[in-house]
Amino acid sequence: MLVLTRKLNESIKIGDDIEITVIGVEGDQIKLGIDAPRHIDIHRKEVYLAIKEENEAAAGASVDILKQFTNSIKK
């Protein structure tokens, strides 16, 4: 993991297209501004993990439904 120190209004760049700026510092929280192309999804980690879990559950259900469908056609 790369660890960087930034002050208020300072930024980091990720590649040519993504810039992350420290917008505010309040107690133990920081506010980040993220400037990135629209085609890049940006989520808080807990939201990302929930989306991933839902997608995996949906993919598993799709396989089960497909198996049931193919079994019903064979009969």
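The values are calculated or read from the model by the stated rules, or taken from the named source; none is laboratory data. Predicted, not measured: the structure shown is a model, and the values here were computed from it. FYI the Cβ positions are ideal-geometry reconstructions off the backbone, even for glycines, and counts take in every protein chain you see.
Can you confirm whether the stretch 35-52 contains a residue that is of a type outside the set (Asp, Glu), within 20 Å of residue 3 (Cβ to Cβ) and not in a helix (DSSP H, G or I)?
Yes, the stretch 35-52 contains a residue that is of a type outside the set (Asp, Glu), within 20 Å of residue 3 (Cβ to Cβ) and not in a helix (DSSP H, G or I).
Among (1) of a type in the set (A, V, I, L, M); (2) at pLDDT 95 or above; (3) surrounded by 10 or more Cβ atoms within 10 Å (Cβ to Cβ), there is one condition residue 61 misses while meeting the rest; what is its number? Every listed condition holds for residue 61 apart from (2).
Figure legend. Inter-residue proximity from the stretch 41-58: first residues closer than 22 Å to residue 17 by Cβ, second residues outside any helix (DSSP H, G or I), beta-carbon distance below 6 Å, spacing 6+ or different chains. Indicated pairs: 42/34.
Table: residues versus (1) surrounded by 10 or more Cβ atoms within 10 Å (Cβ to Cβ); (2) basic (Lys, Arg).
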{"residue": "4", "(1), (2)": "no, no"}
{"residue": "24", "(1), (2)": "yes, no"}
{"residue": "32", "(1), (2)": "yes, no"}
{"residue": "36", "(1), (2)": "yes, no"}
{"residue": "41", "(1), (2)": "no, no"}
{"residue": "67", "(1), (2)": "yes, yes"}
{"residue": "71", "(1), (2)": "no, no"}
